[in-house]
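Heads up: the structure comes next, in structure tokens.
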Amino acid sequence: MMRGMGNMQGMMKQMQKMQKEMVKAQDELNAKEFTGSSTNDLVTVTFTGDKKMQAMTINPELIDPEDPEMLQDMIVLAVNDAITKITKETDQTMGKYTKGLPGM
């Protein structure tokens with residue numbers, strides 16, 4: 001009977017260790033900066049890993065009052081590029097913890 005309790009305690013310690021590692025990995029991702037850019041880097045944006053925009057740079061040549069749609073399109077491209085990079089790295093980093101877990 002006691003033998004099963006030892007295994008349970010060992011499993012609980014492993015789960016606690018894994019949880020601490022997951023929190024640390026997520027914190028590191030959240031602190032990391034990701035830069036996305038549009039075609040020819042006309043617009044660049046910088047996000048943190050928790051998807052908060054920190055900066056945006058727009059090449060002045062892109063600002064045309066006659067064509068605001070071009071600027072809007074370039075901003076969307078840059079933001080989507082940054083979000084894609086964040087998602088990819090998050091999946092790679094956190095996937096090792098959630099792989100094989102039901103509901104993850």
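Assorted remarks:
- Couplings for the stretch 69-78, taken from phi via the Karplus curve 6.51 cos²θ - 1.76 cosθ + 1.60 with θ = phi - 60°, read 4, 4, 4, 4, 4, 5, 5, 4, 4, 5 Hz in order; Gly and Pro are left as x.
- Relative contact order [Cα under 8 Å, 6+ residues apart], the chain, whole percent: 25
- Total charge dipole magnitude, the chain, about the Cα centre, Cβ charges on Lys, Arg, Asp, Glu only, Debye to nearest 20: 1520
- Checking (i) 15.2; (ii) 13.3; (iii) 16.5 against the coordinates, the calculated Kirkwood radius over Cα pairs in Å falls under label (iii).
- Applying a threshold of 26 Å to the alpha-carbon distances of Lys52/Lys88; Lys13/Lys85; Lys17/Lys88; Lys24/Lys52 flags Lys13/Lys85 as lying beyond it.
- Unit Cα scatterers, Debye sum, the stretch 1-52: log10 I(q)/I(0) for q = 0.18, 0.19, 0.31 Å⁻¹: -0.69, -0.72, -1.02
- Along the stretch 46-63 the Karplus relation, 6.51 cos²θ - 1.76 cosθ + 1.60 evaluated at θ = phi - 60°, assigns HN-Hα couplings of 10, 10, 8, x, 8, 6, 9, 6, 9, 7, 9, 10, 10, 5, x, 5, 7, 7 Hz to successive residues, with x for each Gly and Pro.
- What the phi angles of the stretch 27-38 give under the Karplus curve with 6.51, -1.76 and 1.60, with θ = phi - 60°, is a coupling list of 4, 5, 4, 4, 7, 6, 9, 10, 10, x, 9, 8 Hz, glycine and proline written as x.
All of the numbers you see were taken from the coordinates with simple rules; none came from a lab. Predicted, not measured: the structure shown is a model, and the values here were computed from it. Note that each Cβ is placed from the backbone with ideal geometry, even for glycine, and that neighbours are counted across all protein chains shown.
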